[in-house]
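A short worksheet on the structure shown next.
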Amino acid sequence: DSLMERIQKRGMPRVLTTKLIESIQNEDTLKDEMQVREIARAIRELECCTSIDINFDPEYSAYTLELEYELNGVIMHRSINWDYLTGPLFAKVNEAYEKLKEYPHPPYSVKVGKEVITIENKKELVSYLFEKIKKALYIQRYKGLGEMNPEQLWETTMDPRNRTLLKVNINDFFESETIFDTLMGSDSTKRKEFILENALNVKNLDI
């Protein structure tokens, strides 16, 4: 749900994103003109777009959907093309949608001890499970390791039974220098652009 909200903040209505995810399996769908025309027809039925055009992109030998719609009083233009469908944000939403399809239709029954709770929709189910998980966690936040007490430092970082040590090899000095300069250099604009571009690709994030 948070991914859908993020896409909407970037100018794509939720109802339109949902229809695209339901209609497009992957970027290869854009190579089939009949499928693209069927997707355009389905979007027209939503009555959320003021204009829908289909163009051909010779670079990828695929079709693109050029959409025009109004969002919060502003006329928006969006190209549903090869680059958009292979981007990290759409891929994440599509992955989440596929996982949700594995679950049965609501309502859901959740057994907690001897008690059985009925939950009416997926959004409430996710919220309920998150709250239950939070109660089992002990979360503290520090600016750095120096703020921890010795016992906390040992438990979270120094205990050989829990810690993970990774060896870092620098195979390409110039590439490594570029990475360090981007992430730790004085140019904050370059660092911000890098973070925005790669935020959804990160796998192991120390928070």
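The values are calculated or read from the model by the stated rules, or taken from the named source; none is laboratory data. Just so it is clear, the structure is predicted and the values come from calculations on it, not from any experiment. Glycine also receives a Cβ, built like all others from the backbone with ideal geometry; neighbour counts cover every protein chain displayed.
Of note:
- Filter result for T157 (in contact with a strand residue (DSSP E or B) (Cβ under 8 Å, 6 or more places away or on another chain) and of a type in the set (V, I, T)): no
- Elements of the type strands (runs of 3 or more DSSP E) sitting completely within region 58-148 and holding at least 3 residues that are aliphatic (A, V, I, L, M): these cover 62-71, 74-80, 115-119.
Conditions tested, residue by residue: (1) touching a Phe, Trp or Tyr at 6+ places or on another chain (Cβ under 8 Å); (2) without any contact (Cβ under 8 Å) to a residue 40 or more places away in the chain; (3) closer than 30 Å to K19 by Cβ; (4) surrounded by 10 or more Cβ atoms within 10 Å (Cβ to Cβ).
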| position | (1), (2), (3), (4) |
| --- | --- |
| E95 | no, yes, yes, yes |
| Y103 | no, yes, yes, yes |
| P107 | no, yes, yes, yes |
| K111 | no, yes, no, no |
| L129 | no, yes, yes, yes |
| Y138 | no, yes, no, no |
| Y142 | no, yes, no, yes |
| Q152 | no, yes, no, yes |
| T156 | no, yes, no, yes |
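Each row is one residue, and each column tells you yes or no for (1) within 19 Å of G87 (Cβ to Cβ); (2) touching an Asp or Glu at 6+ places or on another chain (Cβ under 6 Å); (3) modelled with pLDDT of 80 or more.
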{"site": "K9", "(1), (2), (3)": "yes, no, no"}
{"site": "T18", "(1), (2), (3)": "yes, no, yes"}
{"site": "I24", "(1), (2), (3)": "yes, no, yes"}
{"site": "D28", "(1), (2), (3)": "yes, no, yes"}
{"site": "E33", "(1), (2), (3)": "no, no, yes"}
{"site": "R41", "(1), (2), (3)": "no, no, yes"}
{"site": "L46", "(1), (2), (3)": "no, no, yes"}
{"site": "E59", "(1), (2), (3)": "yes, no, yes"}
{"site": "A62", "(1), (2), (3)": "yes, no, yes"}
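So that you can scan it fast, the table gives a plain yes or no per residue for (1) within 19 Å of V15 (Cα to Cα); (2) exposed (fewer than 12 other Cβ atoms within 10 Å of the Cβ):
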residue: E33; (1), (2): no, no
residue: C49; (1), (2): yes, no
residue: I54; (1), (2): no, no
residue: Y84; (1), (2): yes, no
residue: K132; (1), (2): no, yes
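- Among the candidates L145, L125, residue that is aliphatic (A, V, I, L, M) and touching a Ser or Thr at 6+ places or on another chain (Cβ under 9 Å): L145
- Qualifying residue in region 54-62 (condition: closer than 30 Å to L125 by Cβ and aromatic (F, W, Y)): no
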